[in-house]
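One structure below.
Readers should treat all values here as calculations from the given coordinates under stated rules, not as data from a laboratory. These numbers come from a predicted model, not from an experiment. Glycine gets a Cβ as well: all are built from the backbone with ideal geometry, and neighbour counts include every protein chain shown.
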Amino acid sequence: MTRGGSVPGAALLPGLPGDVSNLLPALASFHVSSRPVVGRRDLGSPRKSLKVNSARLVDVVLEIEDAFEIEVKDEDADKVKTIGDAVKLILSSQA
Amino acid sequence: MTPIRSELALVGNDVVDLGDPDNRESFARPGYVERVCTPAERRVLEAAEDPERLFWCFFAAKEAAYKLLVKLGEEPGLSHRRIEVASDLASSRYDDREIALRVGHADDWVHALASIGPAEPRFEVSELGEHARASAAGRDLLCRMAAEVLGVTGAELSVERRPSTTSHDGFEPPRLCEKGVPTGLDVSLSHDGRYVAAALAEAKRRQ
């Protein structure tokens, strides 16, 4: 895992609500796969899509909390199995 | 546990590279320890001589327990705090389940093994070669360990991971196969930074 990388496919955001477009900058400091993180229908599992281990996934949760000024509760974090789930969580926290 | 369950031997293991700059950065990050540890665990950390090392012991223990819980059909999710590790590192608790742990460490790594069942699990931590790929090195290590247990050559063994739509890494736990057929061994793989680890347990043979 390398911090300080870019987000491949960052321009590809079809289907992502504008309110969560900050998700990409929030994740930009984490190494991601060469495929777009978002813009795919499946919006796969966070660890698989981001290619991060669980220690970095904690960092991702903290990044999201900081970027969106939300608090991700344990029970909500439990439900996040895909990037799409993370997007839903952010949107519901902002509602 | 039911009698059938007691016949099973399951393992989960996790290794953490203490020298990995990302791990060091994470530990120092505000809110990181609080995100991972329960209040009771944080009290233990506050009194520890080497809180960073102990924190990663807790972390590895939680990850090892997580891998085992998934095999039991649980879905611990992303919440590390739902798994609480005892201050002596000998066990962890998830809801009403208690899981035995064995936590060890060297200068540069910590390793945790979670297990249930009658079998004595085996595990090994190995340093990666300079150009080795972690996932391949972990599989090679596991196959070498399993070959000894099964009395076969490592070439006859393979590790499979089937895709899963429900797990956080997109795959089911690894399965060890001999000539393509699943063996009776339960296995676990881990890698972090410069280290890979593998663990296995053989289910007690039925009479």
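Label region B:48-189 by shape, choosing from rounded, prolate and oblate, from the square roots a ≥ b ≥ c of the eigenvalues of the Cα gyration tensor; if a/c is under 1.5 it is rounded, and otherwise prolate applies when a/b is larger than b/c, oblate when it is not. Can you show the working numbers first?
Numbers: a/c = 1.76, a/b = 1.37, b/c = 1.28.
Cα axes put region B:48-189 in the prolate bin.
In this calculation the C-beta distance from B:Arg133 to B:Glu34 is compared with R0 = 35 Å, giving a FRET efficiency of 0.55.
Mean separation of Cα pairs under 8 Å and 6 or more residues apart, divided by the residue count, gives chain B a relative contact order of 29 percent. Residues whose amide H lies under 5 Å from that of B:Val110, counting only those 5 or more places away or on a different chain, are B:Val16, B:Leu18; hydrogens are built 1.01 Å from N in the peptide plane.
When only Cα pairs below 8 angstrom with a gap of at least 6 residues are kept, region B:83-146 shows a relative contact order of 16 percent. Take B:191-199, B:148-156, B:55-63, B:20-28 and order them by the average number of nearby Cβ atoms within 10 Å per residue, most first; the result is B:55-63, B:191-199, B:20-28, B:148-156.
In peptide B:25-37, how many Cβ atoms from other protein chains are near each Cβ within 10 Å, on average? Show your work: numbers first, answer last.
On the way: counts 2, 5, 1, 0, 4, 2, 6, 5, 1, 1, 8, 3, 0.
Taking all residues of B:25-37 together, the mean is 3.
Of the residues B:Ser115, B:Ser91, B:Ser188, the one with the fewest other Cβ atoms within 10 Å heads the list, and the complete ranking is B:Ser91, B:Ser115, B:Ser188.
3J(HN,Hα) along region B:154-160, derived from phi through the Karplus expression 6.51 cos²θ - 1.76 cosθ + 1.60 where θ = phi - 60°, amounts to x, 5, 7, 10, 8, 10, 10 Hz, with x in place of Gly and Pro.
Could you tell me which of rounded, prolate or oblate describes region B:114-154, using a ≥ b ≥ c as the square roots of the eigenvalues of the alpha-carbon gyration tensor, with rounded for a/c under 1.5 and, failing that, prolate when a/b is larger than b/c and oblate otherwise? Provide the component values of the computation, followed by the final result.
Numbers: a/c = 3.18, a/b = 1.57, b/c = 2.03.
Oblate.
Averaged over the residues of A:53-66, the number of partner chain Cβ atoms lying within 10 Å of the residue Cβ comes to 6. What FRET efficiency do you get for B:Val149 and A:Lys73 if R0 is 45 Å and r is their Cβ-Cβ distance, rounded to the nearest 0.05? Plugging the Cβ-Cβ distance into 1/(1 + (r/R0)^6) gives 0.55. With a ≥ b ≥ c taken as the square roots of the eigenvalues of the C-alpha gyration tensor of region B:107-207, please select rounded if a/c is under 1.5 and otherwise prolate if a/b is larger than b/c or oblate if it is not? Here region B:107-207 falls in the rounded category.
Per-residue ellipticity at 222 nm, computed for chain B from helices alone with -39500 (n - 2.57) per DSSP H run of at least four residues, works out to -9500 deg cm²/dmol.
Note that region B:117-129 has calculated 3J(HN,Hα) couplings of x, x, 7, 8, x, 10, 8, 8, 10, 9, 7, 5, x Hz, one per residue in order, obtained from phi through the Karplus relation 6.51 cos²θ - 1.76 cosθ + 1.60 (θ = phi - 60°); glycine and proline are x.
Counting Cβ atoms of other protein chains within 10 Å of each Cβ in B:70-82 and taking the mean gives 4.
Between B:Glu156 and B:Glu46, the modelled label-to-label distance comes to 5.7 nm, taking each label 7 Å out from Cα in the direction of the beta carbon.
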